[in-house]
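The values are calculated or read from the model by the stated rules, or taken from the named source; none is laboratory data. This one's a predicted model, so the numbers in the text were calculated from it and none came from an experiment. Here Cβ is always computed from backbone atoms with ideal geometry, including for glycine, and neighbour counts include all displayed protein chains. We work out accessible area using only protein heavy atoms, side chains counted, and drop any ligands, DNA or RNA first. Shrake-Rupley method; radii C 1.70, N 1.55, O 1.52, S 1.80 Å.
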Amino acid sequence: MSIPQILSRLRIPVIGAPLFIISNPDLVIAQCKAGVVGSFPALNARPAPVLDEWLDKITTELAEWDAKNPDRPAAPFAVNQIVHKTNDRLMHDVEACVKFKVPVVITSLGAREDVNQAIQSYGGITLHDIINNRFAKKAVEKGATGLIAVSAGAGGHAGTLSPFALVQEIREWFDGPLCISGSIANGGAVLAAQAMGADFAYIGSAFIATLEANADQAYKQMIVDSSAEDIIYSNLFTGVHGNYLVPSVVAAGLDPSNLPESDPSVMNFGSGGTQAKKAWRDIWGCGQGIGVIKEISTAGQLVERLAQEYEAAHQRIQANWVHAAW
């Protein structure tokens, strides 16, 4: 299967991951203008009617950009839908996506045929988050256009499998659009994602440390100051295992070396409750790839760095093979 036309005009093969609380129209628009897919969780637009306002702003500004820059049109944008029984806004938010013909919808924590059909009815595509091969097969069976393989080291809710293992198992049976997430924060890693069989790299944590991101300045600086050793994997905060910054856990008065297990049956994604008041707002999600993030920049500057590193990695590999040829 070829890459969908919607995703064929990217500057580099990168999809910006939707960041709970953090992603907003300004970040999405900046990502798309820079040439990568920008995305946001529908639940970031609160209350529910605000979603229409966000979608109107994004579609209007990107259309104006395209009209003024026909030689370098904006990349498409995506909206993330939490497809889980705790999300009582799901159908309202899906209807808004249909109304505005959102190009890409990313579904998480469940797969539903009716959601896939609604988005695909107008030519949109659906990409589903998965953490293992079994969930990948279920998502495709229910009609997902493509997959986002969330592997070990990814920020926020993440799996435990190596991206190499996960991608190679999926590629044994699936030839559709495949995105890989997990510790990707420079252009070389983007190229590596393609080399292992993925079509796109899924990048989240690096975009938190951008000026457009709706994150606390201390959060952004903590990412700049931290490395992979400062990440902890726990399900305490939402009921689903995820990666978080150790300094933020300590600042919340918790011992990162002695965190209890949470009950997965009480998953909470920001609608209320003691855990939800701390997760994401006070205890900050982040992936293991942050060691290469050295400064807070604009989203456009970050994409420019990724593009330069991506090209340099291409050239380095080509030069090495030329030298090794015999």
- Say whether the condition of being closer than 18 Å to residue 82 by Cβ, outside any strand (DSSP E or B) and in contact (Cβ under 8 Å) with a residue 12 or more places away in the chain is met by at least one residue in the range 171-179. no
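This table checks each residue for (1) open to solvent by 30 Å² or more (accessible area, probe 1.4 Å); (2) of a type outside the set (A, V, I, L, M, F, W, C).
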{"position": "71", "(1), (2)": "yes, yes"}
{"position": "90", "(1), (2)": "no, no"}
{"position": "108", "(1), (2)": "no, yes"}
{"position": "116", "(1), (2)": "no, yes"}
{"position": "126", "(1), (2)": "no, yes"}
{"position": "132", "(1), (2)": "yes, yes"}
{"position": "140", "(1), (2)": "yes, no"}
- Item | Number of the condition not met by residue 124 [criteria: (1) closer than 25 Å to residue 191 by Cα; (2) touching a residue at least 60 places away in the same chain (Cβ under 8 Å)] | (1)
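If you scan the range 9-21, which residues turn out to be under 17 Å from residue 124 (Cβ atoms) and either at pLDDT 90 or above or open to solvent by less than 20 Å² (accessible area, probe 1.4 Å) (or both)?
Once the filter is applied, which keeps residues that are under 17 Å from residue 124 (Cβ atoms) and either at pLDDT 90 or above or open to solvent by less than 20 Å² (accessible area, probe 1.4 Å) (or both), the range 9-21 yields 10, 15, 18.
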- Message: Condition first: open to solvent by 10 Å² or more (accessible area, probe 1.4 Å) and assigned to a loop (DSSP other than H, G, I, E, B). Now tell me which residues in the range 238-263 satisfy that.
- Response: 240, 241, 252, 253, 254, 255, 259, 260, 261, 262, 263
- Item | Meets criteria (of a type in the set (Ser, Thr, Tyr) and within 21 Å of residue 70 (Cα to Cα)) for residue 23 | no
- Restricting to the range 4-27, what's the tally of residues that are aliphatic (A, V, I, L, M) and either assigned to a loop (DSSP other than H, G, I, E, B) or in contact with a His (Cβ under 9 Å, 6 or more places away or on another chain) (or both)? 6
- Message: I'd like the full set of residues that are small (Gly, Ala, Ser), over 22 Å from residue 233 (Cα atoms) and open to solvent by less than 40 Å² (accessible area, probe 1.4 Å), limited to the range 149-202.
- Response: 176, 187, 188, 193, 197, 198
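Specify which of the listed residues (75, 48) is open to solvent by less than 10 Å² (accessible area, probe 1.4 Å), at pLDDT 95 or above, assigned to a loop (DSSP other than H, G, I, E, B) and not β-branched (Val, Ile, Thr).
After applying the criteria, what remains is 75.
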